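Data first, discussion second: the structure below is written as structure tokens.
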Amino acid sequence: MKYLLLFLIPWIGFSECVDEVLLKGNKLLNLNQKDNIYVEMENRFISLKKIKTLDPKKIYSVQILEEDQNKSDYNDKYLNYYGLPRFRFFLKKIAPKASQASYLIERIGESVKARDIFVIRPAKLDPNKKTLLMLVRHHGNEGTANWIFEGFIVPYLKNQELLSTTQIIVYPMINPDGVVGRSRYNANGFDLNRTWESPVDEVKLVADHLKTLISYNKIDFLLDMHSHKSEDIIYRVDEDYLSLDYYFNQSTFIETLGRYDFWQNGNYIVSNGKEGMSRIFFADNYKINSLTHETLKNIPRAGEARRTIKTLKEQGRALNQAIFDYLN
């Protein structure tokens, strides 16, 4: 199936986290209707096997998900999937540390299926501090993003040098319904990281809440935390996208992080993205240095790399040092 798709269509530059391609309806109609192929229709992604009719001449956006993502033996083969019970436990665990740092952990509303959505933020925003916005888990099945976040937030809340010059607003699990269902999409079938231009569901909740905290143009840096199917990388725009200064600012952070994170190691992919992605939305509208941070999604329990949950958390700690260097 994958080789057939490679033959029929070129890869397109806005792909992140999954293989995303453009394909005519007549080609789609000839494919076997497998569970891991989703087609964008009316802004939602629908499983190809559930679609009755397609316009043969229309070009559709198609996402190809890993076939093994829902296997029940996942935790036997890969590092533990980061689920909702772990997330709730972790928030309770860090609550005293957040309070000591004058930070709040607040429930801001609920998902489509009535699961809590939270923000971690300063009790009082300081206009003289540089502001980092972090968005975690637009895509529910990308669990390693939350292990990285755990490694980041604990030392951040203890780092007095960093706290004295910067502040962070973080939405640590945007798509809890997708987390529970091990789905990229939310309960209504939206790829939430395609909806920032016209926010829906959980992204609308986050966007509306963020506006009550801070003017978007007062944000200095955005990191959108994801997991990638095959590597540890940063997604950034090309040098002609906004300006050379913007391009070099992105290069500075990527190179800085690469000095501290052995796994990321300065790797990046140039992609000007797709309308509705958070990094593109904030870049286009507010010229904020916005990057997508991707960590390997499915990490085998045994192998030459010897990656563990501990090494994922170490990557989060590397973010602390890189952010301190970059923003100061």
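Condition check ((1) at pLDDT 85 or above; (2) farther than 25 Å from residue 234 by Cα; (3) not in a helix (DSSP H, G or I)) across all residues:
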{"site": "4", "(1), (2), (3)": "no, yes, no"}
{"site": "7", "(1), (2), (3)": "no, yes, no"}
{"site": "14", "(1), (2), (3)": "no, no, yes"}
{"site": "34", "(1), (2), (3)": "no, yes, yes"}
{"site": "39", "(1), (2), (3)": "yes, yes, yes"}
task: Kindly check whether there is at least one residue in the range 140-156 that is touching a residue at least 60 places away in the same chain (Cβ under 8 Å), of a type outside the set (A, V, I, L, M), surrounded by fewer than 20 Cβ atoms within 10 Å (Cβ to Cβ) and in contact with a Ser or Thr (Cβ under 6 Å, 6 or more places away or on another chain).
output: no
- request: Test residue 93 against the stated conditions and say whether it is touching a residue at least 24 places away in the same chain (Cβ under 8 Å) and among the basic types (Lys, Arg).
  value: no
query: residue 53 versus (1) assigned to a strand (DSSP E or B); (2) surrounded by fewer than 16 Cβ atoms within 10 Å (Cβ to Cβ): which is the lone unmet condition?
result: (1)
Every pair of residues 6+ apart whose Cβ atoms lie under 8 Å, when the first sits in the range 66-81 and is in the same structural domain as residue 180 (by TED's automatic domain parsing) while the second is at pLDDT 80 or above and of a type in the set (Val, Ile, Thr): 78/299; 79/144; 79/299; 79/308; 79/309; 80/309
- prompt: Which residue pairs have Cβ atoms closer than 6 Å, lie 6 or more positions apart in sequence or on different chains, and pair a first residue in the range 198-214 that is closer than 17 Å to residue 132 by Cβ with a second residue that is of a type outside the set (A, V, I, L, M, F, W, C) and crowded, with 19+ Cβ neighbours inside 10 Å?
  reply: 206/171
field: From the options 175, 188, residue that is surrounded by fewer than 18 Cβ atoms within 10 Å (Cβ to Cβ), in contact (Cβ under 8 Å) with a residue 24 or more places away in the chain and closer than 20 Å to residue 63 by Cα
entry: 188
- request: Check the range 177-189 and report whether any residue there is assigned by TED's automatic domain parsing to the domain that holds residue 130 and on the phi > 0 side of the Ramachandran plot.
  value: yes
task: Examine the range 272-294 for a residue that is of a type outside the set (Phe, Trp, Tyr), crowded, with 22+ Cβ neighbours inside 10 Å, in contact with a Cys (Cβ under 9 Å, 6 or more places away or on another chain) and within 27 Å of residue 74 (Cβ to Cβ), and state whether such a residue exists.
output: yes
task: Take residue 168 and decide whether it is more than 21 Å from residue 280 (Cβ to Cβ), in contact with a helix residue (DSSP H, G or I) (Cβ under 8 Å, 6 or more places away or on another chain) and part of a strand (DSSP E or B).
output: yes
message: On the basis of being modelled with pLDDT under 95 and among the acidic types (Asp, Glu), does residue 255 make the cut?
response: no
Flag if residue 76 is farther than 20 Å from residue 207 by Cβ and either part of a loop (DSSP other than H, G, I, E, B) or under 19 Å from the mean Cα position of the chain (by Cα) (or both): no
query: Taking the range 289-328 on its own, how many of its residues are among the polar types (S, T, N, Q) and not in a strand (DSSP E or B)?
result: 7
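Which one of these is of a type in the set (A, V, I, L, M), within 25 Å of residue 222 (Cβ to Cβ) and not in a helix (DSSP H, G or I): 91, 104?
104
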- prompt: How many of the residues in the range 238-256 are out of contact with any helix residue (DSSP H, G or I) (no Cβ under 6 Å at 6 or more places or on another chain) and in a helix (DSSP H, G or I)?
  reply: 11
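The values are calculated or read from the model by the stated rules, or taken from the named source; none is laboratory data. Here the structure is a predicted model, which is why all the values come from computation and not from measurement. Glycine gets a Cβ as well: all are built from the backbone with ideal geometry, and neighbour counts include every protein chain shown.
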